[in-house]
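Student: This structure is in structure tokens; I'll ask about it shortly.
The values are calculated or read from the model by the stated rules, or taken from the named source; none is laboratory data. The model shown is predicted, which means the values in this text are computed figures rather than measured ones. Virtual Cβ from ideal backbone geometry, glycine too; neighbours counted across all protein chains shown. Calculation scope for accessible area: heavy atoms of the full protein, side chains included, ligands and nucleic acids excluded. Shrake-Rupley method; radii C 1.70, N 1.55, O 1.52, S 1.80 Å.
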Amino acid sequence: MLEHDPEIIVVMPCGFDLARTRKEMPALTNRPDWEKLRAVRNRSVFLTDGNQFFNRPGPRLVESLEILAEMFHPDRFHFGHEGRGWRRLG
């Protein structure tokens, strides 16, 4: 993982809602070097409701883009999806 060292990590497993995504996070957070990743150090790891917003085509495309905008630019965008469509890990 360290060879890529992402600035932002967005977790959106297929078929998982936000609660299930959070429950399954130890599969990532227990990996060696997880805490050394730039995204983790900068609190830029986001969990999403992949099942509802990202893993299927459909009318929620705009909401999915709004969610990404809120995560990537919280100082500019506030569509009200935090807590329902996404949550910061931590």
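Student: When you go through (1) within 11 Å of the chain's Cα centre (by Cα); (2) surrounded by 14 or more Cβ atoms within 10 Å (Cβ to Cβ); (3) charged (D, E, K, R) one by one for Arg88, which number turns out not to apply?
Tutor: With (1) within 11 Å of the chain's Cα centre (by Cα); (2) surrounded by 14 or more Cβ atoms within 10 Å (Cβ to Cβ); (3) charged (D, E, K, R) applied to Arg88, the lone miss is (2).
Student: Restricting to the range 53-83, name every residue that is in contact with an Asp or Glu (Cβ under 7 Å, 6 or more places away or on another chain), in a helix (DSSP H, G or I) and either open to solvent by 90 Å² or more (accessible area, probe 1.4 Å) or at pLDDT below 95 (or both). First the steps, then the outcome.
Tutor: Going through the range 53-83, the residues in contact with an Asp or Glu (Cβ under 7 Å, 6 or more places away or on another chain) turn out to be 53, 70, 77-79, 81-82.
Filter once more, so that each one left must be in a helix (DSSP H, G or I): 53, 70.
Listed by number, the list holds a single entry, Phe53.
Student: Right, another one. Taking the options Arg43, Arg56, Arg22, name whichever one is free of Cβ contacts under 8 Å to residues at least 40 places away in the same chain and out of contact with any Phe, Trp or Tyr (no Cβ under 8 Å at 6 or more places or on another chain).
Tutor: Matching residue, one of Arg43, Arg56, Arg22: Arg56.
Student: Hey, any hits in the range 22-44 for a residue that's β-branched (Val, Ile, Thr) and either within 21 Å of Gly80 (Cβ to Cβ) or in a strand (DSSP E or B) (or both)? Working first, answer last.
Tutor: Residues of the range 22-44 that are β-branched (Val, Ile, Thr), as a first pass: 29, 40.
Next, only the ones that are either within 21 Å of Gly80 (Cβ to Cβ) or in a strand (DSSP E or B) (or both) stay: none.
Looking for residues that are β-branched (Val, Ile, Thr) and either within 21 Å of Gly80 (Cβ to Cβ) or in a strand (DSSP E or B) (or both), one finds none in the range 22-44, hence no.
Student: Just wondering, is there one or more residues in the range 12-19 that are in a helix (DSSP H, G or I) and either open to solvent by less than 70 Å² (accessible area, probe 1.4 Å) or closer than 18 Å to Gly90 by Cβ (or both)?
Tutor: Yes, there is a match, as at least one residue in the range 12-19 is in a helix (DSSP H, G or I) and either open to solvent by less than 70 Å² (accessible area, probe 1.4 Å) or closer than 18 Å to Gly90 by Cβ (or both).
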